[in-house]
Every structure is written in C-alpha cells, then in structure tokens.
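Asks: This is the structure I want to talk about, given as structure tokens.
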Amino acid sequence: MTGCYIDDLLSINNPYLTFLLYTNQTLFYHDLHGIYPDTLLLKCAHSGTEVPFMDISIRPSGHGIRLTTLLYDKRRHEPLSSLFIIKYPHMSSNISETAKFNIITSQYHRFLSIILSRDNFVTSMADVITTFSGKGYPVHELLTRTYFLCWQHPESYSIQADKLITHISTAVHRLMG
C-alpha cells in the first residue's frame, strides 16, 4: 500500500517502491516509471512497526495484518515541543461563542474520521476537553456538547453513545485530578 499527500509519502510493505522512487527508474517488465525527479533527494523520515503520517500514527493492531491509527501530534515531539504554541482560544477571547464551542465539534469529527482506536479517541477527546477547561470553558458545557455528538453518531466505535460519553467523562475527570 502506498499513499501520497502533497509532500508526504507513506508506503506499507510495497516491495516496488524502491524501484519506482525516481523518474529515471522503471520496472523492467512493466512500463512503469518512477514518481520523483532524480534531482530530488528523498530520505526516509520514519520506519518500523509504528510510523507517523500527517496527524496519525499507524501501527499493527493485535495479530495478523490489521492496522490501527492513533492521533499523532508533532507538537508533542522535538523540535516543536519546546515551542510555546497557542492551540485553542481562551474563553475570554473575542471570538464568538459559537465558533469557540464548534472547535469541540470539529475535533470530534476529525478524530472520528482518523482514529481507529476507541481508547485513543476517548483519550484525545478528554485531552481537548481538559485543555479547554484550562482555558476557562465550563467542563459541564463541554461534556454536554460531546454527549450530543455521541448521540448524533451512534455507530461510533461499535459502542452505545451513553457508554462512549461515560468513557470520555471518566477520562476527563482522571486528567483533571
């Protein structure tokens, strides 16, 4: 499997990739030519059983050939981890209430579309809610909005909506101490 997004290339168990990286390469029995000009020097940024790709980390899931995805935030790793980055607006900022709380909605949908691991989804949502709480947002309002999102998407992670919100709420309270 090989996927590409702008300047990010992901290849999983593709034995042909090394033969097709550069346009001056071809597979002798196919009329296939490489992807990149030979003047561009490509380097492997990550390899192994778990690799980050854009904002997910891909790794094997249990036994067999299944893969799972977890949220990957490059701001938590060097060199970005040492920088001060404002991730979300403070409750007292001049942004409209709707826009502020819609960040919870957008993050919920973002996580739902990229995270295959239910536990990682719960932890990621709890992290967002806790971060917002630290910026002055009322936890009850954040959890209520998350509750309605869970009910709007009952198919999420093959678990009932009330159980999913219970997991998220428990994780939030554990993070907050």
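Asks: Does the stretch 115-158 classify as rounded, prolate or oblate by the C-alpha gyration tensor (a ≥ b ≥ c root eigenvalues; a/c under 1.5 gives rounded; else a/b over b/c gives prolate, otherwise oblate)?
Replies: Values: a/c = 4.16, a/b = 1.50, b/c = 2.77.
Oblate, because a/c is 1.5 or more while a/b does not exceed b/c.
Asks: Student exercise: in the chain, how many lysine pairs 8 or more apart or on different chains have Cα atoms under 23 Å apart?
Replies: Numbers: 43/74; 74/87; 74/135; 87/100; 87/135; 100/135.
Within the chain, the lysine pair count is 6.
Asks: Going by average Cβ neighbours within 10 Å, how do the peptides 125-135, 37-47, 166-176 rank, with the highest at the top?
Replies: Most protected by this proxy first, the peptides run 125-135, 166-176, 37-47.
Asks: With the other protein chains left in place, how much accessible area per residue, in square angstrom, belongs to the stretch 109-157 at a 1.4 angstrom probe? If you can, show how the numbers build up before the last one.
Replies: On the way: 2350 Å² over 49 residues.
Accessible surface, normalised per residue, equals 48 Å².
Asks: For the stretch 133-177, what class follows from the C-alpha gyration tensor (a ≥ b ≥ c being the square roots of its eigenvalues): rounded when a/c is under 1.5, otherwise prolate if a/b is larger than b/c, else oblate?
Replies: Values: a/c = 3.32, a/b = 1.69, b/c = 1.96.
It is oblate, given that a/c is not under 1.5 and a/b is not larger than b/c.
Asks: Estimate the FRET efficiency between residue 163 and residue 19 by the formula 1/(1 + (r/R0)^6), using the beta-carbon distance for r and 45 Å for R0, to the nearest 0.05.
Replies: Efficiency, rounded to the nearest 0.05: 0.40.
Asks: Using a Gaussian network model on the chain with a 10 Å cutoff between Cα atoms, which of 72, 16, 88 fluctuates the most?
Replies: 16
Asks: Here is a further query. Quick check for me: using +1 on Lys/Arg Cβ and -1 on Asp/Glu Cβ, what's the dipole size of the stretch 24-85 about its Cα centre, in debye to the nearest 20? Display every interim value, and only then the final one.
Replies: On the way: 6 positive and 6 negative charges, 52 e Å.
Once rounded to the nearest 20, the dipole reads 260 debye.
Asks: Let me ask something additional. Where nothing but the Cβ of Lys and Arg (+1) and of Asp and Glu (-1) is charged, how large is the charge dipole of the stretch 21-174 around its Cα centre, in debye to the nearest 20?
Replies: Roughly 340 debye for the stretch 21-174.
Asks: Once amide H atoms are built 1.01 Å from N in the peptide plane, which residues 5 or more positions from residue 35, or in another chain, come under 5 Å H to H?
Replies: The answer is 21, 22, 23.
Asks: Right, next: Relative contact order of the chain: what whole-number percent is it, with Cα pairs under 8 angstrom and at least 6 residues apart? It would help to have the intermediate numbers written out before the result.
Replies: Values: 188 pairs, mean separation 23.0, N = 177.
Relative CO of the chain lands at 13 percent.
Asks: Still on this model: Against the globular-protein guess of 2.2 N^0.38 Å, express the Cα radius of gyration of the chain as a ratio, rounded to two decimals.
Replies: Values: Rg = 20.5 Å, N = 177, 2.2 N^0.38 = 15.7 Å.
That works out to 1.31 for the chain.
Asks: For the ranges 91-103, 138-150, what's the packing order if you count other beta-carbon atoms within 10 Å of each residue, average per peptide, and put the highest first?
Replies: Details: 91-103: 11.6, 138-150: 16.6.
Top to bottom by mean Cβ count within 10 Å: 138-150, 91-103.
Asks: Could you tell me what percent of the accessible area of the chain is made up of carbon and sulfur, with a 1.4 Å probe and every protein chain present?
Replies: On the way: 6730 of 11720 Å².
Roughly 57 percent of what the probe reaches on the chain is carbon or sulfur.
The values are calculated or read from the model by the stated rules, or taken from the named source; none is laboratory data. It should be emphasised that the depicted structure is a prediction, and the values quoted were computed from it without experimental measurement. Cβ atoms come from the backbone with ideal geometry, glycine included; neighbour counts cover every protein chain shown. Protein only, heavy atoms only, side chains kept; ligands, DNA and RNA dropped before computing areas. Shrake-Rupley method; radii C 1.70, N 1.55, O 1.52, S 1.80 Å.
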